[in-house]
Amino acid sequence: MVRADVVIIGCGMQGATMALAAARSGLKPVLVERDRIASGATGNSYGFIHGGLRYLQTMHLGRWRRSRRAQAWFLKSYPDLVRPLRCIMPLYRGRIRSPNAFRILAAAESLLSGAAGDAPRLSPPVLLSADDVPSEYPIPRQDLAGAAVWHDLVVPDMKALLLAILSDAEVTGSALIEEAEVRDVMVVNDRVRGVRIVRPDRSFEEIATSQVIVCTGSWTLPNLAGGEPASTAVLAFNLLLDAPFPLDAALAVSEIPGRGRSYFLRPYEGGTLVGTFYRAAPGASHPEVEPSDVAAFRKSIERALPGSALASAPVRRVMAGLLPDRDGTGRSLSTEDVVSTSGPAGFCRMLGTKLTTAPLLSFETAAKLWPSRAQGTA
C-alpha cells in the first residue's frame, strides 16, 4: 500500500499551492486529480493575477492588501511563468467610470502603498486623455473622456505554472496521480486512515495517510467525510473567439459605456479571450454551458462593442467552471474563503474564492494544521 503524509485531492491552483505549503512544512504530499492538471476552474479561468485596484472602488482595504501580497508572491516565485499585462478601461463623461473617479483610485493606491511600505512592483496606473486613446481600440466613442491604464499579471500557460509549483513541492512521479478519482476516505475510530481511489481501468488502489485535504472546488463529492461542501452555484465561463485581438493588452468594456459589469478582452492562442460571464446554477455539480448561455454572452459583447467584428466571430472554445456563492442560489459570488475541519480528525476541506489569493490561503491553512511544522510563508 502506498503511504503519504498528506493526500491532497484536486490539482487546480488551490491544490497545487497546498501541496507546496505541505512540502515547506516538511511533509511529503501525494496529489490526486480526477482528470488532468489544469482541467477544471483554474485552467478555464481568465488567467489574471490582479493587484486589487478594483477593491479600492468600495474601499475594501483588506482585499486590496491581500491581492497585492498574493500578486507579489507570484511575481517573486515564478517570474518566468507570469507576465505583466497592460489593462485599459475606457472612461466616459458623467458616468461612474470617469477620469475623476480613476484619479481618486490611483491616488488612493499610491497613498496606501506608501503607507504599507510597498515597493513598486508593476507600472503605476496612468490616465489617458480622449485624444490619446488609439483609434484601433474597438470601443464606443460617444462621450469618451479618456482611459484608465494599469498593469496586472497574467498567466500565459496555466498548466506550466501548476507543474512548476508541483515540482517545487516535489509532487512528481508517483506522488502525482492523474485521471484517478477518490471514491471514499477511510476512517477508523473517527480518524482518517487513508483514501481509496479508482483508476480509469476500474481498478482500485488504497493510499494510507492520516491527513486528507480536499481542494476540488465544485467537484467535491458530498459523500466524502466531513459533511456537505460549501456551495458553488455560480456558473462562470469565458469564450475564446476565433479572431485576432488588435492589442497586446486587456480591454475592459461594458454594455453601458462607463458603468455596469465589465468584460475583458485580450489576445490568447491567436484569438481573443472574452470573459467573464456569470449566471446562477443552483444545484449544479458540473459547469454545463448551454447554447442559450453562449448566445446571451455574445449579445452582451455585441452591445459592448457595437459594430465590432469580434461580436460575430466564431467561438473556438468555451472555458467554464463553477464558483463559490453566498447561499446556494448562485445569485451572488462569495468573497469568503472556506476552510473546514469538521468531520474525522485529519480531514479538511478548502474552497478559495480567488485564483490570485490561493497561495495565501494555502500557507495560512498549513500554519493552522501543522503549527509546529510550518516554516515557509507566501
Selected residue (criterion: nearest to LEU144 (Cα to Cα)) from residues of the range 61-96 that are at pLDDT 90 or above, of a type in the set (Lys, Arg) and open to solvent by less than 70 Å² (accessible area, probe 1.4 Å)
ARG68
Considering the range 288-347 alone, what residues qualify as being surrounded by 14 or more Cβ atoms within 10 Å (Cβ to Cβ), acidic (Asp, Glu) and part of a loop (DSSP other than H, G, I, E, B)?
ASP337
Failed condition for ARG54, given (1) open to solvent by 60 Å² or more (accessible area, probe 1.4 Å); (2) over 28 Å from LEU322 (Cβ atoms):
(2)
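Going by the structure shown, is SER254 touching a His at 6+ places or on another chain (Cβ under 9 Å), crowded, with 16+ Cβ neighbours inside 10 Å and of a type in the set (Gly, Ala, Ser)? Full working, then the answer.
On the way: touching a His at 6+ places or on another chain (Cβ under 9 Å): no; crowded, with 16+ Cβ neighbours inside 10 Å: yes; of a type in the set (Gly, Ala, Ser): yes.
No: the conditions fail for SER254.
Identify the residue in the range 165-215 that is of a type in the set (Ser, Thr, Tyr) and more than 15 Å from ILE37 (Cβ to Cβ) and, among all such residues, is surrounded by the most Cβ atoms within 10 Å (Cβ to Cβ).
Step one: filter the range 165-215 for residues of a type in the set (Ser, Thr, Tyr), giving 167, 172, 174, 203, 209-210.
Of the ones still in play, those that are also more than 15 Å from ILE37 (Cβ to Cβ) are 174, 203, 209-210.
Numbers: SER174: 9, SER203: 9, THR209: 22, SER210: 16.
Per the criteria, the residue is THR209.
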Give me the pairs: first residue in the range 259-273 and open to solvent by less than 40 Å² (accessible area, probe 1.4 Å), second residue of a type in the set (D, E, K, R) and in a strand (DSSP E or B), beta-carbon distance under 6 Å, and six or more apart or on different chains, which are they?
GLY271/ARG316; LEU273/ARG266
Counting only residues that are over 18 Å from PHE74 (Cβ atoms), assigned to a helix (DSSP H, G or I) and of a type in the set (A, V, I, L, M), how many does the range 146-177 have?
1
Can you find a residue that is part of a helix (DSSP H, G or I), open to solvent by less than 60 Å² (accessible area, probe 1.4 Å) and either farther than 30 Å from ASP5 by Cβ or touching a strand residue (DSSP E or B) at 6+ places or on another chain (Cβ under 8 Å) (or both) anywhere in the range 120-140?
yes
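The values are calculated or read from the model by the stated rules, or taken from the named source; none is laboratory data. This is a predicted model, so every value here is computed, not measured. As a convention, Cβ positions derive from the backbone with ideal geometry for all residues, glycine included, and neighbour counts pool all protein chains shown. These area figures cover heavy atoms from the full protein model, side chains too; ligands, DNA and RNA do not enter into them. Shrake-Rupley method; radii C 1.70, N 1.55, O 1.52, S 1.80 Å.
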